[in-house]
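Single-structure report; data block below.
The values are calculated or read from the model by the stated rules, or taken from the named source; none is laboratory data. None of the values given here were measured: they were computed from a predicted structure. For neighbour counting, all protein chains shown are included, and Cβ atoms are generated from backbone atoms with ideal geometry for every residue, glycine included. These accessible areas exclude ligands, DNA and RNA; they are computed on the full protein's heavy atoms, side chains included. Shrake-Rupley method; radii C 1.70, N 1.55, O 1.52, S 1.80 Å.
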Amino acid sequence: MIVLKTASELAAMRRAGQATARALARVAEAIRPGVTTRELDAIAEEAIRKEGGVPAFKGYRGFPASVCLSVNEVVVHGIPSDRRLEPGDIISIDIGVILEGFYGDMARTFPVGAISPRAERLLAVTWEALERGIAAARAGSRVSDISWAIQSYVEAQGYSVVKEFVGHGIGREMHEDPPVPNYGRPGRGPRLEPGMVLAIEPMVNEGRDKIKVLSDRWTAVTVDGKLSAHFEDTVAIWPDRTEILTRLPG
Amino acid sequence: MPDEAGMPGRVNPTRDKQIERARVRVGQVVTSRAGRDAGRSYLVVGWREDGRVLVADGESRSVKRPKPKNVRHLWVHSMWYTDPVWVADDRHVREALARFRRDQEAEDKAGDAREGRATENGTPRARKGGERDGRESGDD
């Protein structure tokens, strides 16, 4: 069931999205070799509360922390721990904020110190995949047009997209309809209507697309142990354009 | 945070139906997004045993003879326009839907001026009028 938002609800979602983006920026500043992911989680929670929001992931289906921090071969849902970041690591920060009853959800993958050219390229391709996915999200097109834009680009670059996890509608709940897979042929699924809000989130693996979930029942890693990157934005569909709610102006 | 992908053909249709049922409540305004009535707005008046929603507009579809719709063929609007106890009365259904339409028009005009963003004219809302190609094939 897809919930359409009114203009004033979208304004509230914009505030939630902006708060999410500001909180993520705070965490990003703290990324450096030697910091533990648990310390980053604490910074994230403090930043979210400072924005007047509530960490959306904390306790969500039992998730034990405020943000998902996924290092290197961890695809998504990494649980903050005492692991220290090392130069050359890449770390995905997936952050969700509840503000005024609405969810903002976004993710970015950052380099820790200097990273290898192949890690650099993975980040660039995943970012471009997100941009292409957002460009395909227009009123009147269909959900799988987004999927196709992402998959066709990523695979042309020699990488693979994760199939087990998908983007999603978002609003008063974190996961609403419709699911937004990062794969599939175009022209299928629900038509995008003004008032729809989607979290578009390509998860791109350097090697094969196969993943497994560890015994903590959260941490998803690549089976081949190669790197994985994740970028996500929450976007609102307007009649004539698509607004990215989780990017700060300028 | 990504959602877990549903298995092809859905993992647990009964559970999915229960979830959708819990989300669409009697008294809520919905807009049809598929079928010959696509674009029409209704009030939810009940549920059928087969899991379909019963909707009425107090005009072509009275509360005595509501139309069954698949939940997945409906847009659900989050604002409430009536107390659920009144949905048994066609006149109240018509009035609630009239309030809903007035709001939609007002949002069209004022929506973004109120948010102080002059560049954003036009308000997101369900498309009016029969948009037949919005129908999803193989869904029903």
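Rg over Rh for the protein assembly as shown works out to 1.00, using Cα positions for both radii and the Kirkwood form for Rh. Can you give me the C-alpha center-to-center distance between region A:1-58 and region A:162-185, rounded to a whole angstrom? Comparing the Cα centres of region A:1-58 and region A:162-185, I get a distance of 19 Å.
In the full protein context, region A:131-250 carries 36 Å² of accessible surface per residue, based on a 1.4 Å probe and ignoring ligands, DNA and RNA.
Which residues, if any, in region B:59-93 have at least 50 Å² less accessible area in the whole protein complex than in the isolated chain, probe 1.4 Å? Hits at the 50 Å² cut-off: B:75, B:76, B:78. A compact globular protein would have a Cα radius of gyration near 2.2 N^0.38 Å; the ratio found for region A:200-241 is 1.60. When peptides B:51-59, A:142-150 are ranked by their average number of other Cβ atoms within 10 Å per residue, the highest-first order is A:142-150, B:51-59.
For each pair in A:50/A:212; A:58/B:67; A:5/A:58, compute the distance between the two Cα atoms and list the pairs where it is over 31 Å.
Details: A:50/A:212 35 Å; A:58/B:67 41 Å; A:5/A:58 25 Å.
From A:50/A:212; A:58/B:67; A:5/A:58, over 31 Å: A:50/A:212; A:58/B:67.
Counting Cβ atoms of other protein chains within 10 Å of each residue's Cβ and taking the mean over peptide A:186-195 gives 4.
The three principal axes of the Cα atoms in region A:1-141 give end-to-end lengths of 45, 33, 25 Å, sorted in falling order. Residues in region A:13-29 carry Karplus couplings, in order, of 5, 5, 5, 5, x, 5, 4, 4, 5, 5, 5, 4, 4, 4, 5, 4, 4 Hz; the curve used is 6.51 cos²θ - 1.76 cosθ + 1.60 with θ = phi - 60°, and Gly or Pro positions show x. Averaged per residue, region B:16-111 has 49 square angstrom of accessible surface, using a 1.4 angstrom probe with ligands and nucleic acids left out.
Residue A:240 sits with roughly 100 Å² accessible to a 1.4 Å probe, with DNA, RNA and ligands left out of the calculation. Relative contact order, whole percent, for chain A stands at 23, derived from Cα pairs under 8 Å and 6 or more residues apart.
The B and A chains share an interface that buries close to 3300 Å² of accessible area, total over both sides, probe 1.4 Å.
Summed over all non-identical Cα pairs, the Kirkwood treatment of region A:139-231 gives a radius of 14.0 Å. Anisotropy class assigned to region A:75-201 is oblate, per the alpha carbon gyration tensor with a/c at or over the 1.5 cut-off and a/b no larger than b/c.
For region A:7-243, the dipole from Cβ point charges (+1 on Lys and Arg, -1 on Asp and Glu) about the Cα centre works out to 200 debye, to the nearest 20. Surface analysis of region A:72-129 yields an accessible area of 36 Å² per residue, using protein heavy atoms and a 1.4 Å probe.
Counting protein heavy atoms only, the protein assembly as shown has 50 percent of its accessible area on carbon and sulfur, 1.4 angstrom probe. Which one, A:182, A:139, A:123, is farthest towards the positive end of the dipole of chain A when Lys and Arg carry +1 and Asp and Glu -1 on their Cβ? The one lying farthest along the dipole's positive direction is A:139.
Using +1 on the beta carbon of Lys and Arg, -1 on that of Asp and Glu, and nothing else charged, what's the dipole of region B:16-111 about the Cα centre, debye to 20? All intermediate terms of the calculation are to be shown ahead of the outcome.
On the way: 21 positive and 15 negative charges, 66 e Å.
I would put it at about 320 debye.
For region B:16-111, a Kirkwood hydrodynamic radius built from all Cα pairs, placed in the Stokes-Einstein relation at 20 °C and 1.002 mPa s, yields a translational diffusion coefficient of 161 µm²/s. Taking amide H positions as modeled 1.01 Å from N, with prolines and chain starts lacking one, the residues under 5 Å from residue B:63 and 5 or more places away or on another chain are B:58, B:90. The string of couplings for region A:182-187 from the Karplus curve (6.51, -1.76, 1.60, θ = phi - 60°) is 9, 8, x, 7, x, x Hz, one whole number per residue in order, with x for Gly and Pro. The label point for residue B:102 and the one for residue A:127, both projected 7 Å from the Cα toward the Cβ, are 5.1 nm apart. Could you tell me which residue out of A:98, A:205, A:154 lies farthest along the dipole of region A:90-209 toward its positive end? Charges go on the beta carbon: Lys and Arg +1, Asp and Glu -1, centred on the Cα centre. Result: A:154, furthest along the dipole toward the positive end.
Give the average, rounded to an integer, of partner chain Cβ atoms located within 10 angstrom of each Cβ in A:6-15.
Values: counts 10, 14, 8, 4, 6, 7, 1, 0, 2, 0.
Counting Cβ atoms of other protein chains within 10 Å of each residue's Cβ and averaging gives 5.
Please name whichever of B:24, B:71, B:58 sits farthest to the positive end of the charge dipole of region B:16-111, dipole taken about the Cα centre and charges placed at Cβ: Lys and Arg +1, Asp and Glu -1. Of B:24, B:71, B:58, it is B:71.
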